[in-house]
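I have placed the structure first, in the form of structure tokens, so that the comments after it can refer back to it.
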Amino acid sequence: MSIKEIYNTMEYGPAPESNKESVAFLDQHKRKFQLFINGKWTKPSSGEYFESISPSTTEKLAQVAEANDKDVDDAVKAAKKALKPWVELGGHGRARYLYAIARQIQKHSRNFAVLESMDNGKPIRETRDIDIPLVARHFYHHAGWAQLMDTEMKDYKEIGVIGQIIPWNFPMLMLAWKIAPALAMGNTVVLKPAEFTSLTALLFADICKQVGLPDGVVNIITGHGNTGAALVNHPDVSKIAFTGSTEVGKIIRRATAGTGKKISLELGGKSPFIVFEDADLDSVVEGIVDAIWFNQGQVCCAGSRLLVQESVAEKLYKKIRARMETLRVGNSLDKSIDIGAIVAPVQLKTIQELVQQGKDEGNTCWQPSWECPKEGCYYPPTLFTGVSPSSIIAQEEIFGPVLVAMTFRSHGEAVKLANNTRYGLASSIWTENINLALDIAPQIKAGTVWINCSNVFDAASGFGGYRESGYGREGGKEGLYEYVKHRAESEFKNEAPKLKTHEPNNKKENKSLPSIDRTPKLFIGGKQARPDGGNSIPIKDTYGNYISEVPKSSRKDIRNAVEAAHACTTWAGMTGHAKAQVLYYIAENLSVRAEEFAARIVQMTNVSASEAEKEVQTSIERVYTYAAWADKYDGQVHHTTQRNVTLAMPEKVGIIGIVCPDESHLLGFISTVIPAIAMGNCIVVVPSETGPLSATDFYQILETSDVPGGCINIVTGSKDELTKEMAKHDDIDGLWYFGTAQGSKDVELLSAENLKRTWVNYGKYRNWFDRIQGEGSEFLRHATEIKNIWVPYGA
Ligand code: NDP
């Protein structure tokens, strides 16, 4: 082509990035990769290997070892052995290694970027300018947290050996998100990359060797889903950190239920991209390119649902179609392409099938006029308009370059449509009106909200989901808590505290007249309520003497309570200051009736009057603690690298089910209920099964303390039965359980379906009188989700 012709057509010529270094790396390993266990390349016990194929060219890149149970066991053993010295090395020592890794990644950044593009099919422009710089940034940032652990995380310690399972869409970035915080906090890891994209993780293993990382601190085992499953089920793994599909996330939740293994899950999404009529539509179009055509749309937080205000919809669609026409799809190593290859034929097929279903449902589909390359695994950018919210393409995660658009008229409708999904990972809001943006942001149920931007990430900011997008955060200080446990956990006991009791002297009672029957009821929606089933259960003291009866609640009562909790919108809308006033009022009213509450404790537990009085006074003090926190449990403004104010806001979880401990009837109730409501949640609480009367007495305090109806709903009865009902209930967002090991397992197992956040005690007992064990930030963290709101600035 002559220069004149080039000027006339302005056609792009090929601009291939050199893959020389990456090819050399593959050749150096003879294109056959072993497992990285205990700092050494180790042949797989099965002797089996699978192929890694470039989706851009269909070239076979290398063979990768298939790890079986024995290899997983060897890797976990190595990580376990490495744990103690790694912890003893201290924060500063670990910071040096993490810093060295960050430096080494930067020094070899092009090789990482090219290899990633070859293996995954994503454009070199993205791996070079986004993925790998973020990887290095993550290790730098966490070198800092390792250095600061002693002071900033002094109440916490490492968890142990961490099993980490990552997907194929951001292979190196996901590795960094997992390994950097885990090592910083003193853990050792066994990581399984996705079968399609293992190569950069193996290059990372080389980096670990180069920086002299102690053997066993990082182990990389390649393989398929069964390798991941073996890691999940290994008894010496103390935590599983997983990113991938919601389906496998649920499998992992069920597999680990009751084992005490911590889990964090970063799962799918169907994130809304909301455009208000005053938005700058040209910026919006570029935002959409970043939202859905970045990484071929294979992004968990892709802005895959475009919600646009009706008045500007047609204008915007026209601009989007014009932009789509100019996007270039092609070989991942071509520096001037926008969209690379889909990771594998199986993923391409899923996309094709979902698009066909979208067409079959009658939605309008538009694709550019040009054709994708014939060789390789490509799919063109696709736009669906006029999509109904219930359409399969509006609900299912397509995980491809497919945007589905629908319109709204009012702000309220925009919020409703945005939240009309079982996911809650991210969202993007476009408007020139900052007041509107900051009004909408808290109403969207998603862990990240980008205002006038999309798919922006940084190590200083937490990332993670609500609802079926999983739980836990990665990045920022909030992400560190996924890799530590509270030091107080070692103080928890296997048995309930022994109480000193005295048999009551019933003869003293005046038997001339029967006492007036006081019938405890349920407390639902701010009103006393009889149980739906019309049954009661007797309550006895420690010596088996009959005291009273309480309602025996059923599934229907739980449903009523959840409905009442949902209907209570006033509580969450109150300021921290206003909530604090109500909590102080509760404390005041409890104080006025302290004697009566103490007498009730004596009656139920047969402890001495002074013991009971101590429990009441501690309860009052505890209410004070959370009244104090109500307007002080602040968020943060993160130091992200872009020109952004990144607001990390603690938000209520929503509706929390609470199953109280059986010991410390009043204090256990107060210590769990009050922090949950202090953070704006409405709750359904099942009080101690053996001693529910402190809780049923308590509703009289609630009635006189300005607590809005539906904020606290008290449901008495069989703890096991009611717990199971709450675990299965789809409209409960979180469940706290303090009871037996079996009950804890039930909670984790049954809550897998809607992935509600759970907090259980695995049958261990806290000392509720001890302030370290019985109150504080651990409770507040479980009562909140962190939402990161990114607000870019600059004129
Ligand atoms: P998976 O969830 O199946 O895979 C994620 C990781 O988990 C991989 O390393 C996988 O291994 C491993 N794995 C698979 N089964 C098990 C198991 N039973 N126990 C433990 N580990 C397991 O996702 P896919 O790669 O199959 O993608 C399927 C869909 O998931 C996509 O279409 C997309 O919708 C979604 N997805 C979401 C991601 C996100 O970031 N939220 C990322 C990737 C996918 P292996 O690779 O060998 O199967």
Practice task
Collect the residues in the range 1-44 that are among the aromatic types (Phe, Trp, Tyr) and touching a Cys at 6+ places or on another chain (Cβ under 9 Å), keeping them in residue-number order.
Solution key: Phe36
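Picking from Gly386, Gly412, which residue would you name as being more than 16 Å from the ligand (Cβ to nearest atom) and at positive phi?
Going through Gly386, Gly412 in turn, the sole match is Gly386.
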Exercise for the section: Could you tell me whether any residue of the range 608-618 is in a helix (DSSP H, G or I), within 21 Å of Ala572 (Cα to Cα), of a type in the set (S, T, N, Q) and in contact (Cβ under 8 Å) with a residue 60 or more places away in the chain? Expected result: no
Fill in the blank from the handout: Conditions (1) surrounded by fewer than 18 Cβ atoms within 10 Å (Cβ to Cβ); (2) within 14 Å of the ligand (Cβ to nearest atom); (3) closer than 17 Å to Ile292 by Cβ; (4) over 25 Å from the mean Cα position of the chain (by Cα) -> Leu348 fails only (1)
Practice task
Name every residue in the range 269-302 that is touching a Lys or Arg at 6+ places or on another chain (Cβ under 9 Å) and among the small types (Gly, Ala, Ser), in order of residue number.
Solution key: Ser271, Ala302
Handout entry: Lone qualifier among Ile451, Ile398, Ile444, Ile434 - being out of contact with any Ser or Thr (no Cβ under 9 Å at 6 or more places or on another chain) and modelled with pLDDT of 95 or more
Key = Ile434
Handout entry: Out of Ala180, Ala143, sole residue that is modelled with pLDDT of 95 or more, away from the ligand (no atom under 13 Å from the Cβ) and in contact with a His (Cβ under 8 Å, 6 or more places away or on another chain)
Key = Ala180
Practice task
Give the range 241-252 a look and list any residue that's closer than 23 Å to Lys728 by Cβ and either touching a strand residue (DSSP E or B) at 6+ places or on another chain (Cβ under 6 Å) or more than 11 Å from the ligand (Cβ to nearest atom) (or both), or say none.
Solution key: Phe242, Gly249, Ile252
Handout entry: Flag for Thr259 being within 14 Å of the ligand (Cβ to nearest atom), not basic (Lys, Arg) and not in a helix (DSSP H, G or I)
Key = no
Problem - the range 224-240, subset in a helix (DSSP H, G or I) and within 6 Å of the ligand (Cβ to nearest atom), residue surrounded by the fewest Cβ atoms within 10 Å (Cβ to Cβ) - result: Gly225
Problem - strands (runs of 3 or more DSSP E) contained in the range 702-795 and holding at least 1 residues more than 30 Å from Ile440 (Cα to Cα) and modelled with pLDDT of 95 or more - result: 712-714, 734-737, 757-760
Problem - Residue among Leu191, Leu148, Leu213, Leu202 that alone is away from the ligand (no atom under 11 Å from the Cβ), buried (at least 24 other Cβ atoms within 10 Å of the Cβ) and at pLDDT 95 or above - result: Leu202
Practice task
Tally the residues that are hydrophobic (A, V, I, L, M, F, W, C), in a loop (DSSP other than H, G, I, E, B), more than 21 Å from the chain's Cα centre (by Cα) and over 16 Å from Ile444 (Cα atoms), restricting the search to the range 264-307.
Solution key: 2
Completion exercise
Apart from one, (1) surrounded by 14 or more Cβ atoms within 10 Å (Cβ to Cβ); (2) part of a helix (DSSP H, G or I) all hold for Ser548; the odd one out is (2)
Exercise for the section: Could you grab the pairs with beta carbons closer than 6 Å, sequence gap of 6+ or different chains, first residue in the range 464-493 and farther than 29 Å from His729 by Cα, second one within 16 Å of the ligand (Cβ to nearest atom)? Expected result: Gly475/Gly462; Gly475/Phe463; Gly476/Gly462
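The values are calculated or read from the model by the stated rules, or taken from the named source; none is laboratory data. Just so it is clear, the structure is predicted and the values come from calculations on it, not from any experiment. Note: ideal-geometry Cβ built from the backbone for every residue, glycine included; neighbour counts use all protein chains shown.
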